[in-house]
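Here the structure comes first, spelled out in structure tokens, and everything after it is commentary.
All of the numbers you see were taken from the coordinates with simple rules; none came from a lab. Since this is a predicted model, take the numbers as computed values, not measurements. Please note: Cβ atoms are built from the backbone with ideal geometry, for glycine as well, and neighbour counts cover all protein chains shown.
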Amino acid sequence: MKQILLITDGCSNVGQSPVMAASFARQEGITVNVVGIIDYGTIGEMGAQEIQEIARAGGGMSRLADTRQLSRTMQMMTRKTVVQTIQQAVNKELKQILGNHQSLESLSPAKRSEVVEVMDELTETSPLDVALLIDVSASMKPKLAAVEEAIRDLMLSLGAREGSSRIAVFHFPGSHGDEACVQDLGWTSDLESTRSLFQRLVMKGATPTGPALLKVIDFFRYGTLNGHQTDLGEKGAGEGILSDYVH
């Protein structure tokens, strides 16, 4: 399962539409979730609306949170979207097995119970990749400490899952004008690797949310932000997971 968790506090103002970028991510099998960090009075109605639209286009969730709620919000959203992704995969396969006119409710109670049990198990055991994309525009500077703490708490939460969980970290914009997005950390399950990330971030500049999302999509596809193909050999999660339970 693949997720982008976007952390931002306001409207994008450079480059491609972040809503279109999120829609493209969804087509690539990547869920986009958005946490808007708010200081009351600084994030306007337009910013909140964009956050909701990005998440909706990306098949994910959006939440507005102040710095005190950030850690809990990120963990809750990650957990809920894992469940949501599993349910979507299950529903898709059920339609293939049972036909479009049947559903989980049409199964016998025993079979339905088996399927629900498998869904619960998959939520904890399915591999999970989370790419954190952090807005480091100037207005985010006073919120950086909360973001750092939240990421460490999220990694602890992911580490408690039975299945393998990896995290990668990116920020936007870069320190140079032509850098829409910078990779801070490649895929890792190591909590210690996040400890020095925030010491070198420069908080300045505009907010190229759309271009940054497109770069992270490239990372999922190719293993690089530059869009050069590598042989990842990945297979989509959730394929063929229910056949033995509903025949």
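Using the Cβ-Cβ distance between LYS204 and SER164 with R0 set to 45 Å, the FRET efficiency from 1/(1 + (r/R0)^6) comes to roughly 0.80. Which lysines, on any chain, are close to LYS215 with Cα under 16 Å apart, when same-chain ones fewer than 8 places away are left out? Within the straight-line cut-off, LYS215 pairs with LYS2.
If packing is taken as the mean number of other Cβ atoms within 10 Å per residue, what is the order of 59-71, 128-140, highest first?
So the order, starting with the most tightly packed, is 128-140, 59-71.
The calculated FRET efficiency for THR188 paired with LYS80, based on their beta-carbon distance and R0 = 25 Å, is about 0.60.
Relative to the current alpha-carbon distance between SER108 and HIS176, full extension at 0.36 nm per residue lengthens the span by 18.5 nm. The simple Förster model, with R0 at 45 Å and r as the Cβ-Cβ distance, assigns MET46 and GLU117 a FRET efficiency of 0.50.
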